[in-house]
Structures are given as structure tokens and as C-alpha cells.
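Asker: Encoded as C-alpha cells, here's the structure I'll be asking about.
The values are calculated or read from the model by the stated rules, or taken from the named source; none is laboratory data. A quick note: this is a predicted structure, and the numbers were derived from the prediction, not measured. All Cβ positions, even for glycine, are placed from backbone atoms using ideal geometry, and neighbour counts span all protein chains on display. When the accessible area is computed, the model is the full protein with side chains, heavy atoms only, and any ligands, DNA or RNA have been set aside. Shrake-Rupley method; radii C 1.70, N 1.55, O 1.52, S 1.80 Å.
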Amino acid sequence: MKKLMLIILMSTLFGVLSGCDPKETEDPPLNCAPGFEVQDNACVKVEEDTCFAPDDYSETLTYEMVWNDEFDGTELDPANWVYEVNGSGGGNNELQYYTSDNTTVADGFLTITAKKELYNGKEYTSSRVTTYNRAFFKYGIIEVRAKLPSGRGTWPAIWMMPQYSRYGGWPNSGEIDIMEHVGYNQNVIHGTVHTDWYNGQEGNQKGGSTSAYQDVSTEFHTYKVEWLPDKIKFYVDDVMYYEYIDSKYATCPTSQLWPFNSSFYIILNVAVGGDWGGAQGVDDSIFPTSMVLDYVRVYQATELEDFDDNSE
């Protein structure tokens, strides 16, 4: 019994002595993914500014063609293009149903035709084709040679949307409208960008227009943007008519003003009606009417390949 009591006493004493000098322990540090930092013991995404310096790129860049479609053959190349098939109205209350049947490829041209016909509850059909998940680009020259439809109610567009929604849904991740035309305002070409702060939903989108060409529906013209790390320039036939850059934040813009530092894909379509295209109604006597495209070409500059803006 005495031996047992001695063992118990010694065990208790050892436990008390051990508790007097506990070994200090700390929680392991958080290992946050790139683009995140520790704030209040949690990983929080940090938006990195896209800053520019005068020497970030040269004003005289060396461009090389990196992608093109000359529309040779007899059908749209599925390696380059995918059809959008829906009657959702494009988010603009448009009247058409987009099908895969309203395009033809022949003699080196892609033709997108809008028609007056009943289809899946819509009174008009047309087509919208995109390079989504096929071909997408960051910076460069994107040019399209096209002849546009005419007539009140038509709304052809050549434009770009982000392959990755880096800053969230529209308009936060941006939109670049290389060319838009509404038939009730014939021969006026529009180039526009949409961002979080500047967008069509708020009615303060940034853009320009030109009426220097009086034959956009009878002759081909080249519609182009030169997309640089700090500005986007809009052209018709190599004549610049608008440049987007926010001077207040030119040296270090936020994504609300400049979401254009990730990859975008190309879209070609002819809409019917809608909030803008149908602002003065639709003239049914004009159908069928078409946008004819000669080519789509993309050029990029080797000087910008290593431009560090922490994006895709």
C-alpha cells in the first residue's frame, strides 16, 4: 500500500511540475493561393492593379498574324467557330432566334442572314457565331473585313467578350465592340467598350462613332481595334476614330475602368430589333438581309508577349 501511494504521489508531482512550464505552440501559418493574402486569419483575394510605365511597350510594335479565317471552303470551320443557338434575345430584348442554319460559306465569304420567319416562338431568325473556347487573345490587332446589312431593325455586330470572367459577370469583366451598326442610322459606325463603371446598363458606356463612310452596306470596309496594355484604338479602313483610355487613371487603372488584361474571344452576329437596333421599330420589307464577311485576322506583337500584368 505504501509503495502504491508513493507511485501516485510521484506521478501527481511530475504532472504539476510539467504543467508549470508548458511547451508553447502556434497554429500553422495560412498558406494562401496566389492572388490572395492573409487578412484577419483568413485568405482574402487581393485585386492587383494593372500599372503602366512609359517604357512598358514601344509605340512602334512589330505585329505578326497569329490567327485568321479567310472563309475558304463550303462550311464554317468548327475548329474556329461555334454557333450560339437560342432565342434569349441577347440580353437586349432582341427579336430573333439564333440558329445554325442562317449562315453560308462560299467563294471566300461568310454570310450571316437575318430572315423574317416563325421559329420556336420568334418571328425572325439569324445566326451568332463565336470563337469561344476555340481561339482567344490578349492584346493585338483584331480586324474584320465586312459588308453590313441595311434596313430599319437590323443590328449587326463584330465584338469581343472575356474568355474568363476574371472580375465577375457582365459588365465587370469587360466587353469590346469592334463594330456596331443600327439600320435606322445608316452608315454610322460605332466602337464601344463596357466596364463595371462604364456600361450600357448605366447608359455611360465609352465609345465613338464615325459617319465618314456612306457605303457600308454596298462595299466592304475593314473594322479594326488595336488593343494595347493601356488603351484600345478603333479604326475603319485604318483611320482611327476613337481611343479608349481613362486619363484620370491612365497610370494605374482599376478593373472597374480597365478589365482588358485577360483573354477575349470574337463574336459575329446580326440581331433583329432589340433595345438599340429596334428603337425605331423593324421594317419587315427588308428581309432577308445579310452581313457578308471576307475575313477575320488577328495580329500580335512579340514585344508584348512578356508584358507582366498577372493575368491569363
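Asker: Among VAL270, VAL216, which is the only one that is within 29 Å of LEU95 (Cβ to Cβ) and within 21 Å of the chain's Cα centre (by Cα)?
Answerer: Of VAL270, VAL216, the one residue that is within 29 Å of LEU95 (Cβ to Cβ) and within 21 Å of the chain's Cα centre (by Cα) is VAL270.
Asker: Any idea how many residues of region 187-201 are free of Cβ contacts under 8 Å to residues at least 24 places away in the same chain and either closer than 17 Å to TRP258 by Cβ or assigned to a strand (DSSP E or B) (or both)?
Answerer: The total comes to 2.
Asker: For region 133-177, name all the residues that are touching a Pro at 6+ places or on another chain (Cβ under 8 Å), over 30 Å from ILE286 (Cβ atoms) and not in a loop (DSSP other than H, G, I, E, B).
Answerer: PRO162
The rows are residues; the columns are (1) open to solvent by 20 Å² or more (accessible area, probe 1.4 Å); (2) modelled with pLDDT of 95 or more; (3) under 30 Å from GLU64 (Cα atoms); (4) β-branched (Val, Ile, Thr).
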{"residue": "PRO162", "(1), (2), (3), (4)": "no, yes, yes, no"}
{"residue": "SER165", "(1), (2), (3), (4)": "yes, no, yes, no"}
{"residue": "MET179", "(1), (2), (3), (4)": "no, yes, yes, no"}
{"residue": "GLN186", "(1), (2), (3), (4)": "yes, yes, no, no"}
{"residue": "TRP197", "(1), (2), (3), (4)": "yes, no, no, no"}
{"residue": "GLY208", "(1), (2), (3), (4)": "no, yes, yes, no"}
{"residue": "GLN214", "(1), (2), (3), (4)": "yes, yes, no, no"}
{"residue": "HIS221", "(1), (2), (3), (4)": "no, yes, yes, no"}
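Asker: Just for region 60-69: of the residues that are open to solvent by 50 Å² or more (accessible area, probe 1.4 Å) and in contact (Cβ under 8 Å) with a residue 24 or more places away in the chain, which one is farthest from ILE267 (Cα to Cα)?
Answerer: It comes out as THR62.
Asker: Can I ask one more? Scan GLY91, GLY87, GLY73 and give me the residue that is farther than 30 Å from CYS252 by Cβ, within 23 Å of the chain's Cα centre (by Cα) and modelled with pLDDT under 95.
Answerer: Just one listed residue meets the conditions, GLY91.
Asker: Can you work out which of the residues in region 233-253 that are among the aliphatic types (A, V, I, L, M) and modelled with pLDDT of 95 or more is surrounded by the fewest Cβ atoms within 10 Å (Cβ to Cβ)?
Answerer: So the residue we want is VAL239.
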